[in-house]
Amino acid sequence: MGPIAEDDPTLGLFRVLRDDGTADPSADPFLPEAQLLGMFTEMLKIRMIDQRMLMRQRQGKIGFYGTITGQEATPIATAFATQKEDWIFPALRESSIMLARGFPLVTWLAQVYGNAGDVLKGRQMPSHMSGRSVNQVSWSSCIGPQIPQAVGAAWAAKLRKDPVVTIGFMGDGATSEPDFHCAMNFAGVYRVPCVMICQNNHWSISVPTARQTASQTIAVKAHAYGLRGIRVDGNDILALYRVIKDAVDRARAGEGATFIEALTYRIGPHSSSDDPTRYRSEEEVETWRKRDPIKRFENYLRNATLLDDARLAEIEKGIDAQISAAIVEVEKFPLPARETLFTDVFAQTPRHLREQQEELQKLPPAPSEHGGGH
Ligand SMILES: Cc1ncc(C[n+]2csc(CCOP(=O)(O)OP(=O)(O)O)c2C)c(N)n1
């Protein structure tokens, strides 16, 4: 191919919403009212869950939590732009897709507590949710492997002639991993029905994006692998919805994979174990707070007369009640039963493990196994 044109979509920034939340009418997808309010509610819900869970972590009730504050638009746009048979291969900041696709909140929270209500039986780090019922795959916590996994699953779907699309997520840090390059190459060569989305939130823990790549943008890397690529405002849910939906539709129609860079910002710490004041300035965070994806969308909905103070207060109250009730429920679960330590490992438990299991059963139960958990 020739030189990349200045107006190439990988070098620009596709937007629908302006900073003040008004929309460019030529780009507005004019989505139905129920869908717009559904998207807004899901964004607000994960913001409010994150606040409550970070507090629970500080109170010593849970060990770890990864908030997505400032990055709510990309996962929620994905949840609405995909079909329920599509598979999600997340990184740390996309577990809210599960909730938007109907996964029960109590079960989702049980993963954070790692208790008996957790479908993963307490074996994963908090904020590493997955669920078969919503086609969301478990993340290994290594940076990168989910990208070739998403591409491989897409290739399998293509071979089986299954009309399924896979979505592989990553942060900007993951684009420096070998797995990223293998996945991009494979996706281009085999024209798989996969959409790879990089949430460029400017920081990989304490490493800024400038230290990840010398390329002009992350999206431009798509060209090196013969993929379609586009850079989109990651704090603009309407732009994201359009871009992701287009990529998903094209993938399903046999037009191959797309690589999307969603430009956003991590407002909170990397996780509950991080103190970002040690490596970035408050002014930088403040600049991005002003571009809050929820506030911008709220302004759009107000302009469209779909939202006013009373309606917003009602939505917030509803979410708050739902979260409070779910926390009460989830904290009633005991820890996972200890015999579950031995399940799901072998189809038939080998003798040495059976002996260990029997030995463990003879011991008196630990106090936390009686209920109440943490
Ligand atoms: C292979 C590997 N290297 C390093 C780490 C430690 N680590 C955990 S999260 C993280 C930063 C990831 O940054 P990015 O991919 O930009 O995603 P973000 O957390 O910003 O969403 C690192 C380096 C890891 N988990 N796996």
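Here's the picture: charge each Lys and Arg Cβ at +1 and each Asp and Glu Cβ at -1 in region 285-348, and of Ile327, Leu301, Gln348 the one pushed furthest to the positive end of that dipole is Leu301.
Can you give the FRET efficiency to the nearest 0.05 for Asp7 and Ser281, using r as the Cβ-Cβ distance and R₀ = 35 Å? Step by step, r from the Cβ atoms, then E = 0.60.
For region 1-155, a simple Cβ point-charge model (Lys and Arg +1, Asp and Glu -1, everything else neutral) yields a dipole of about 1140 debye relative to the Cα centre. DSSP assigns beta bridges within the chain; of those with both partners inside it, close to 15 percent run antiparallel.
For GluC sites (Glu not before Pro), the sites in region 35-138 that DSSP calls loop and that have at most 13 other Cβ atoms within 10 Å are Glu85. Maximal additional length on extending the Ser206-Glu177 stretch stands at 8.8 nm, based on 0.36 nm per residue less the C-alpha distance. In a simple Cβ point-charge model (Lys, Arg +1; Asp, Glu -1; nothing else charged), region 33-330 has a dipole of about 580 debye relative to its Cα centre. Axis of helix 237-252 versus longest Cα principal axis of the chain: the two differ by about 80°, to the nearest ten degrees.
Among the lysines of the chain, pairs that are 8 or more positions apart or on different chains and have alpha carbons within less than 14 Å of each other number 4.
Sites counted here are chymotrypsin sites (Phe, Trp or Tyr not before Pro) in a DSSP loop (not H, G, I, E or B) having no more than 16 other Cβ atoms within 10 Å; the longest part of the chain that contains none of them is 65-278. Taking other C-beta atoms within 10 Å as the exposure proxy, Thr67, Thr277, Thr107 rank Thr277, Thr107, Thr67 from fewest upward. Among Val248, Pro148, Thr175, whose Cα lies farthest out toward the positive end of the dipole of region 33-330, if unit charges sit on the beta carbon of Lys, Arg (+1) and Asp, Glu (-1)? Towards the positive end, the residue furthest out is Pro148. Projecting the Cα positions of Phe14, Leu54, His202 onto the charge dipole of the chain (unit charges on Cβ atoms of Lys, Arg, Asp and Glu, taken about the Cα centre) puts Leu54 furthest along the positive direction.
In a reduced charge model with +1 at each Lys and Arg Cβ and -1 at each Asp and Glu Cβ, region 164-254 shows a dipole moment near 260 debye about its Cα centre. A full extension of the chain between Gln51 and Asp24 corresponds to an added length of 6.5 nm, given 0.36 nm per residue minus the alpha carbon distance.
Sparse packing (at most 16 other Cβ atoms within 10 Å of the Cβ) combined with a DSSP loop state is found for the following trypsin sites (Lys or Arg not before Pro) in region 40-86: Lys61, Lys84. When shorter helices are ignored and each DSSP H run of at least 4 residues is given -39500 (n - 2.57), the per-residue value for the chain at 222 nm works out to -12500 deg cm²/dmol. Loop-located trypsin sites (Lys or Arg not before Pro) in region 126-167 (DSSP state other than H, G, I, E, B) with a sparse environment of at most 12 neighbouring Cβ atoms within 10 Å: Arg160, Lys161. The DSSP beta bridges internal to region 176-298 are antiparallel in roughly 15% of cases.
Each value in this text was obtained by applying a stated rule to the coordinates, not by laboratory testing. Fair warning: this is a prediction, and the values are worked out from it, not measured in the lab. All Cβ positions, glycine included, derive from the backbone under ideal geometry; neighbour counts span all protein chains shown.
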